[in-house]
Amino acid sequence: MPQDYSSLITFFLVRPQFAGNAGAAARALQNCGFKKMALVDPAFTKKHVDITKFAVGAKKLIDRAPLYDCLKQGLRSYKYVIGTSRRRGAYRKNILTLFDLPTLLEKLPKRGKIALLFGHEANGLDNEELALCQHILEIPASPLNASFNLGQAVLLTAYEIFRMTPALPPTQETLYPSIAQLEGMYEHLREALMEIGFIKNENPEHMPRILRNIFHRAHLTETEVRVIRGIARQMLWLKSQKESRSRKSKK
């Protein structure tokens with residue numbers, strides 16, 4: 001069964017400079033169902049007006065986020081650390097792209113908290129911070145402008161992981177019709193369409209076959225079958241009303 005990473009992964013914003021980026025990151029995480037973020041040496045307070053402005057309904061994520069003076073302090077209890085960076089160098093090994101991230105996460109043991117690090121808006125994570133990471137994550141982009149905004153980088157990464165998470169079970173079981181119910185619907189619709197002249201007597205099976213193909217592709221539910229039969233019923237009723245008025249006018 002796919003792993004639910006919503007509580008397992010914490011998104012660390014390391015030395016963020018702009019409160020709006022922190023707010024946008026919080027909203028992105030909430031959009032993707034994540035519950036944990038942390039702030040390391042931010043250049044703003046949690047009360048900054050831009051946090052509320054950009055987080056919209058996700059400010060609680062910022063309010064709950066722990067604050068750390070240094071990255072090492074925040075990572076003490078984490079088993080796996082993945083840092084994000086667009087720069088490569090001699091000491092920057094174990095680089096993977098965003099598209100490789102789901103495969104990596106699936107290979108990790110199912111126990112142990114995971115930290116995802118996002119660095120300073122202008123300079124990213126420095127070499128000492130990246131040295132704490134087992135892997136470095138690169139988000140592919142145009143070489144003409146390869147650096148993403150902090151909030152964008154968080155959103156792209158969170159969404160890529162969100163796609164891995166198991167879908168929520170349906171709140172109500174979908175009921176599908178039996179063959180008898182479908183055949184009853186087809187006959188009812190055929191009768192109504194013949195009454196209004198849509199199906200011609202010279203080739204009465206042509207249009208019903210086309211309609212069957214359409215409805216087979218749609219995989220109708222029981223509710224939808226009842227709606228179509230209701231349409232057929234109303235068509236027949238209107239036809240009978242019209243004929244009744246016509247007879248009365250001739251008397």
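Values in this text are rule-based calculations from the coordinates and carry no lab data. Note that the structure is predicted; figures quoted are calculated from it, not measured. Every residue, glycine as well, gets a Cβ built from its backbone with ideal geometry; the counts of neighbours run over all protein chains shown.
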Shape descriptor, segment 186-234: equivalent ellipsoid semi-axes (Cα gyration tensor, sqrt 5λ, whole Å, largest first) stand at 19, 14, 6
In deg cm²/dmol, rounded to the nearest 500, the helical mean residue ellipticity at 222 nm of the chain, built from -39500 (n - 2.57) for every DSSP H run of length 4 or more, is -13500 deg cm²/dmol
With LEU71 itself left out, Lys, Arg at +1 and Asp, Glu at -1 over residues whose Cβ is under 11 Å from its Cβ give -2
Note on segment 9-162: contact order normalised by length, alpha-carbon pairs under 8 Å, 6 or more apart, percent, works out to 32 percent
Once the in-chain neighbours fewer than 8 apart are removed, the aspartates and glutamates whose Cα is under 20 Å from LYS46 read ASP63, ASP69, GLU121
Going residue by residue through segment 225-231, the Karplus relation 6.51 cos²θ - 1.76 cosθ + 1.60 with θ = phi - 60° gives ³J(HN,Hα) values, rounded to whole Hz and with x marking Gly or Pro, of 4, 5, 5, 5, 5, x, 5
For the chain, the charge dipole (Cβ of Lys, Arg +1; Cβ of Asp, Glu -1; about the Cα centre) points to a positive end, and the Cα of GLY74, PHE54, LEU193 closest to that extreme belongs to LEU193
Relative to the chain, whose Cα atoms define the longest principal axis, helix 179-195 and its Cα axis are tilted in degrees, nearest 10, by 60 degrees
Amide H contacts under 5 Å for GLU121, restricted to residues at least 5 apart in sequence or on another chain and with H modeled in the peptide plane, are GLN17
For 70-77, 207-214, ranked highest to lowest by mean beta-carbon neighbours within 10 Å, the order is 70-77, 207-214
Dipole check, the chain, charges on Cβ (K,R +1; D,E -1), about Cα centroid: among LEU211, ALA28, PRO140 the Cα furthest to the positive pole belongs to LEU211
Here segment 1-75 gives, from Cα atoms, an Rg and Dmax in Å of 12.1, 42
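About the Cα centre of the chain, what is the dipole size in debye to 20, counting +1 per Lys and Arg Cβ and -1 per Asp and Glu Cβ, all else neutral?
Once rounded to the nearest 20, the dipole reads 800 debye.
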To the nearest 10 degrees, the tilt of helix 206-218 (Cα long axis) against the first principal axis of the alpha carbons of the chain is 30 degrees
Going residue by residue through segment 238-250, the Karplus relation 6.51 cos²θ - 1.76 cosθ + 1.60 with θ = phi - 60° gives ³J(HN,Hα) values, rounded to whole Hz and with x marking Gly or Pro, of 5, 5, 5, 5, 5, 5, 5, 5, 5, 5, 5, 6, 7
Within the chain, excluding any GluC sites (Glu not before Pro) found in a DSSP loop (not H, G, I, E or B) and having at most 12 other Cβ atoms within 10 Å, the longest uninterrupted segment runs 1-172
Residue-ordered couplings for segment 68-79, obtained by feeding phi - 60° into the Karplus form 6.51 cos²θ - 1.76 cosθ + 1.60 and rounding to whole Hz (Gly and Pro as x), are 10, 6, 9, 5, 4, 4, x, 8, 4, 9, 9, 8
quick shape note, the chain: Cα extents on principal axes in Å, largest first -> 97, 40, 39
Rounded to the nearest 10, the angle in degrees between the Cα long axis of helix 150-162 and the longest principal axis of the Cα atoms of the chain comes to 60 degrees
Beyond 27 Å (Cα-Cα) in this structure, taken from LYS53/LYS107; LYS60/LYS107; LYS72/LYS107, we find LYS53/LYS107; LYS60/LYS107
About its Cα centre, segment 179-244 carries a charge dipole, from +1 on Lys and Arg Cβ atoms and -1 on Asp and Glu Cβ atoms, whose size in debye to the nearest 20 is 160 debye
